[in-house]
Amino acid sequence: MNRRRWALVVIGAVVIGLFQATLISVLPSPWRELQPVLPLSVLFVVLNRPKAAVVFAGIAGFIIHLFSVDTVPFAFIWMMLAIAIIAGLSRSVLTNRSMYATAALVFGARMIVQLCAFLSSFLGSFMFKVSYSAPSFSRLWIVVLWDIVFASIGFLAVAIFTRRFLVTLNRAYTYDES
Amino acid sequence: MRVRLTASVVVILCIIAVAILYVARMLQPLENGARTVLLPAGRFFAVVGSSVRGALLPDPAVDKLQERNTELEARLEGLVVDYVRLRALEEENRALQQLIAFQKDTGYDGVPARIIARSSEPRSATVLIDRGSKDGVETGMAVIIGNGIFVGKVTALRERIATVTLVSDERSRIAAAALGRGKLFGLVEGRGNGVARLTLVPQSEPLERDDIVVTAGTEEKIPAHLVVGIVNDIEGKPTDPFKNASLEPMAKTEQLNVVMVLRPAALRPQ
């Protein structure tokens, strides 16, 4: 990726992070459960841009950490870790690039983040003697549903506008630089 | 294969390094700087979010009812505040004189603040405001709306932002008094989902439905006589040592956009 694309990734991460932390958080439920950072990061992984995905997740997660009221510690670190694991899985286990695979990867990433949040909540109260509110499972299914819908629409949009995932197309005509 | 392994190790090491820096609070200056730079954008997003919420919430079928409800709530709010003042004048003239003297002596002024983010957990009622320690805000200060309706207190602080724990939050505990009696008689505990309860009221204390509960003033940075809510249903047997009551908070937290942090005038930044 060239510098211009990296700059776009960074600016996009800041804007989407602010969008999730401030604008979406003041909306009524179920709209407030829309959390676009993770599905977008997974889309970067699906587009074969794992470094951009980790950077995007890290920066957007940091912005969320700056402006979020739900004080789960290390949220941005867990997000980066989840995307790094998902990037590894997408190269070794779930190697096909379909809408279902994307949905599965997003689901996996969300589960990792959720588990890490619980872990950090537990560790936070155990090590730092501070009670952090762990995200509840009651609203998790709405978040997961939004994740899958968002990632599927994103995948379809990328597929339609870039024709990237057409199996009949020679790879020489794709944008893949790797 | 080796390149991938190296890359994975580098990424994991970077993540661990960031975690260590975060725990050691070495990221604090970076966090404060980033917040200062991004706060205007955060405010803008919050304003847009409030407008979008306004567009999402109303149902065309109940528009008029909501309008009427809002109007009645505003009137009720005004009447309750008037009632508070009248009762205080009639029954607790001396206490009011003392309060006025106290306000003259110490002086409280309000720092207007905009809510820029909210907690997404239903049990937790916390909001983030765009004022922090640089604006003279301190942990424990009272946050009000309108003419003295208490909505919560500042519980966490950064340079440019602060977390406000609202009355209905599960972790919220406020020393309460009954209007006109001016002494501590119970505790207002948040129960999540916009609900609060009045607890630990001694059986000997008279308590009736529609009684107005105010702050007791026993907490250092929370003045007395700020309206917290109205008593709904009283629970408990006459043989119990204490009685409890469900409390209707005066402020509808979902509709809050702008609040006021009560700050002693002495803390006003020069």
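Read-outs throughout are calculated quantities, based only on the coordinates presented, and are distinct from any laboratory measurement. Just so we're clear, the structure is a prediction, and the values are computed from it rather than from any experiment. Here the Cβ is made from the backbone with ideal geometry for all residues, glycine too, and neighbour counts use every protein chain on show.
Below are the figures for this structure:
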| read-out | value |
| --- | --- |
| Flag if A:Val55 is assigned to a helix (DSSP H, G or I) and either more than 9 Å from every other protein chain (Cβ to nearest Cβ) or in contact with a Ser or Thr (Cβ under 7 Å, 6 or more places away or on another chain) (or both) | yes |
| Per-region count, the range B:166-175, residues surrounded by 24 or more Cβ atoms within 10 Å (Cβ to Cβ) and touching a Ser or Thr at 6+ places or on another chain (Cβ under 7 Å) | 4 |
| Checklist (1) buried (at least 19 other Cβ atoms within 10 Å of the Cβ); (2) of a type in the set (Gly, Ala, Ser); (3) out of contact with any Lys or Arg (no Cβ under 9 Å at 6 or more places or on another chain); (4) more than 21 Å from B:Ile161 (Cβ to Cβ) applied to A:Gly61, failing item | (4) |
| Breaking point among (1) under 15 Å from the mean Cα position of the chain (by Cα); (2) under 22 Å from B:Ser8 (Cα atoms), for A:Leu94 | (1) |
| So B:Ile174, is it touching a residue at least 24 places away in the same chain (Cβ under 8 Å), more than 21 Å from B:Leu79 (Cβ to Cβ) and of a type outside the set (Ser, Thr, Tyr) | yes |
| Candidates B:Leu187, B:Leu128, B:Leu157, B:Leu166 - the one that is of a type in the set (A, V, I, L, M, F, W, C) and more than 14 Å from every other protein chain (Cβ to nearest Cβ) | B:Leu187 |
| Filter result for A:Val45 (assigned to a helix (DSSP H, G or I), in contact (Cβ under 8 Å) with a residue 40 or more places away in the chain and facing another protein chain (nearest Cβ under 10 Å)) | no |
| Any hit, the range B:202-210, residues being assigned to a strand (DSSP E or B) and surrounded by fewer than 17 Cβ atoms within 10 Å (Cβ to Cβ) | yes |
| Count of the range A:29-42 residues which are assigned to a helix (DSSP H, G or I) and either more than 10 Å from chain B (Cβ to nearest Cβ) or within 13 Å of the chain's Cα centre (by Cα) (or both) | 6 |
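Quick grid of which residues meet (1) of a type in the set (Val, Ile, Thr); (2) surrounded by fewer than 20 Cβ atoms within 10 Å (Cβ to Cβ):
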| site | (1), (2) |
| --- | --- |
| A:Ile11 | yes, yes |
| A:Ala21 | no, no |
| A:Glu33 | no, yes |
| A:Ser68 | no, no |
| A:Val93 | yes, yes |
| A:Asn96 | no, yes |
| A:Ala101 | no, yes |
